[in-house]
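*Asks:* The structure follows.
Quick note: the coordinates plus some simple rules give every number you see, no bench work behind them. These numbers were taken from a predicted model, which means no experiment stands behind them. Note: ideal-geometry Cβ built from the backbone for every residue, glycine included; neighbour counts use all protein chains shown.
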Amino acid sequence: MRIAVCPGSFDPVTNGHIDIFERASGMFDLLIVAVFHNPGKKPMFSMDERVEMLKCATRHIPNTRVDSFSGLLNDYVKRQNARIIVRGLRALTDFEYEFQRALLMKKVDPEIETVFMMTSTEYSFVSSSGIKELAQFGGDISLLVPKSVEKRILKKFSEM
Ligand code: ADP
């Protein structure tokens, strides 16, 4: 069975991420979307909220599972009996960061392969941080995130 892990902060999940999940899920028997607990980052949404939003947004993709983890990614990937990490790539800025991470991962654990999927043109400019910024100032994010995510972001800002 081919199992792949797609790790990320997903704070929150966007249509750009979902596009990658949909395309990657067709290439593997199981795609595990894993929310990473990064102690260095102050997320807008709690781990539970991010997992919940992902579950709702991936319900239509049958061979996808949502999970969360902390600690080393390579340990997590092996615990899932997977050997493949899927990451999405947007512009050059993503490349530099992803290139370093993939090489580091290869050094730590040569058995694990990182594969990259190029963004679809309509999502090349979509990022979680951009969405939050846009929503904060009243911009329309309805075409960039699922409805359930849009609702939660608007609620979060109204509570702040
Ligand atoms: P990070 O894991 O660096 O905190 P994210 O959680 O935002 O970043 O994203 C997880 C993965 O999805 C990363 O590989 C990122 O490059 C990719 N990604 C984010 N937005 C898009 C997009 N619009 N199109 C394609 N890939 C994307």
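*Asks:* List 122, 111, 98 from most exposed to least, where exposure is judged by having the fewest other Cβ atoms within 10 Å.
*Replies:* On the way: 122 12, 111 9, 98 16.
Ascending Cβ contact count within 10 Å gives the list 111, 122, 98.
*Asks:* Continuing with this model, one more query. At residue 115 and residue 156, where each label point lies 7 Å from the Cα along Cα→Cβ, what is the point-to-point distance in nanometres?
*Replies:* Reported label-point gap for residue 115 and residue 156 is 3.1 nm.
*Asks:* Enter the Cα centre distance for the pair the range 95-160 and the range 1-54, rounded to the nearest angstrom.
*Replies:* 9
*Asks:* Further, regarding this structure: Using the Cα atoms as the points, what is the convex hull volume per residue of the chain in Å³?
*Replies:* Values: hull volume 17.9 nm³, N = 160.
Hull volume over Cα atoms, normalised by residue count, gives 112 Å³.
*Asks:* Compute the FRET efficiency between residue 96 and residue 63 as 1/(1 + (r/R0)^6), taking r as their Cβ-Cβ distance and R0 = 30 Å, and round to the nearest 0.05.
*Replies:* Numbers: r = 31 Å, r/R0 = 1.05.
Rounded to the nearest 0.05, the efficiency is 0.45.
*Asks:* If you add up the charges near residue 38, with Lys and Arg at +1 and Asp and Glu at -1, over every other residue whose beta carbon is less than 14 angstrom from its beta carbon, what do you get? Please list the in-between numbers first.
*Replies:* Numbers: positive: 41, 42, 50, 101; negative: 11.
Charge balance near residue 38 sits at +3.
*Asks:* Quick one: helix 147-159 against the long Cα principal axis of the chain, what's the angle to the nearest 10°, folded into 0 to 90?
*Replies:* The answer is roughly 60 degrees.
*Asks:* By the scheme Lys and Arg +1, Asp and Glu -1, what is the net charge of all other residues having a beta-carbon under 14 Å from that of residue 122? Provide the component values of the computation, followed by the final result.
*Replies:* Values: positive: 23, 90; negative: 19, 22.
The answer is 0.
*Asks:* Separate question: Cross-link partners among lysines for residue 107, C-alpha distance below 29 Å, same-chain residues fewer than 8 apart left out?
*Replies:* Leaving aside lysines fewer than 8 places away in the same chain, those within reach of residue 107 are 41, 42, 78.
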